[in-house]
Each structure stands twice: as C-alpha cells, then as structure tokens.
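In what follows, a structure is listed as structure tokens, so that the remarks can point back to it.
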Amino acid sequence: MAKEKTQETTKENQYKKELQKLRNAFNNVAKTSSGKVVFRYLMKECGFNEPAVVASCATGEINPLGSIYNEARRDVYMRIRKFLSKENIISIEFKEDEDE
C-alpha cells in the first residue's frame, strides 16, 4: 500500500514537473515577437474572440454540430492560454500593434 502511494506521488510530481516545463516553454516563446505572431495566429484560427454558436441564416435554427466544432476549436487556444503568464496574455491579446 505504501509503495503504491509512493508511486502515485512520484507520478504526480513528474506530471507537475512536465506541466511547469511546458509553462516555461510557452512563456519563453510568447516573450519573443515571433512567438507573439504565432500565438495571435492560433488565437484567431481557433476562434477565440468569435461566438461558438452556429445558426442558419435562413431559419435561425442552431446547428449543434457546428457549434460543438467551434467550441472544440476554441478550446485548443484556451488550453494553451492557461499556460501563459498574465503579462504574455495581455501582450498577445491586447497589444497587437506593438511588435509589428
């Protein structure tokens, strides 16, 4: 029982280390002007600032599959965004003209 608990703790610590490594990598890239360009591209392509709901222009009916697709696309950027520091998020999402 103690051995299993130790293995769980070790796996959990390894997972935390991997997440921190990923967080550092994302933030190091986001600090560069090329990184900002890439993150802004991902943000736009993933539809971060767009509504997820898709409706028919003719009938006004909501298209559930299109809406799910858009939300899944948006989730890609949202997951990446969780790793970014507040400063990097601000510089990517609100200061677009700065690095161009």
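The values are calculated or read from the model by the stated rules, or taken from the named source; none is laboratory data. This one's a predicted model, so the numbers in the text were calculated from it and none came from an experiment. Neighbour counts run over all protein chains shown; Cβ positions are idealised from the backbone, glycine included.
Does residue 42 satisfy being in a helix (DSSP H, G or I), of a type in the set (A, V, I, L, M, F, W, C), at pLDDT 95 or above and closer than 21 Å to residue 22 by Cα? Spell out the reasoning first.
Numbers: in a helix (DSSP H, G or I): yes; of a type in the set (A, V, I, L, M, F, W, C): yes; at pLDDT 95 or above: yes; closer than 21 Å to residue 22 by Cα: yes.
So residue 42 passes the test.
Of everything in the stretch 53-98, what is part of a loop (DSSP other than H, G, I, E, B) and over 13 Å from residue 30 (Cβ atoms)? Give them in sequence order. Before you say what the answer is, go through the steps one by one.
Going through the stretch 53-98, the residues part of a loop (DSSP other than H, G, I, E, B) turn out to be 53-54, 56-61, 63, 82-85, 94-95.
Result: 53, 54, 56, 57, 58, 59, 60, 61, 63, 94.
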Original post:
Looking at 55, 30, 25, 72, which is the one that is of a type in the set (A, V, I, L, M, F, W, C), within 30 Å of residue 96 (Cβ to Cβ) and in contact with a strand residue (DSSP E or B) (Cβ under 6 Å, 6 or more places away or on another chain)?
Top reply: 55
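Residue by residue, here is whether (1) more than 16 Å from the chain's Cα centre (by Cα); (2) among the aliphatic types (A, V, I, L, M) holds:
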position: 7; (1), (2): yes, no
position: 12; (1), (2): yes, no
position: 22; (1), (2): no, yes
position: 48; (1), (2): no, no
position: 54; (1), (2): yes, yes
position: 60; (1), (2): yes, no
position: 66; (1), (2): yes, no
position: 83; (1), (2): no, no
Subject >> Number of the exception - residue 49 against (1) polar (S, T, N, Q); (2) part of a loop (DSSP other than H, G, I, E, B); (3) at pLDDT 95 or above >> reply: (3)
**OP:** Collect the residues in the stretch 38-62 that are surrounded by 14 or more Cβ atoms within 10 Å (Cβ to Cβ) and either over 26 Å from residue 84 (Cβ atoms) or touching a residue at least 24 places away in the same chain (Cβ under 8 Å) (or both), keeping them in residue-number order.
**Re:** 39, 40, 42, 43, 46, 47, 48, 54
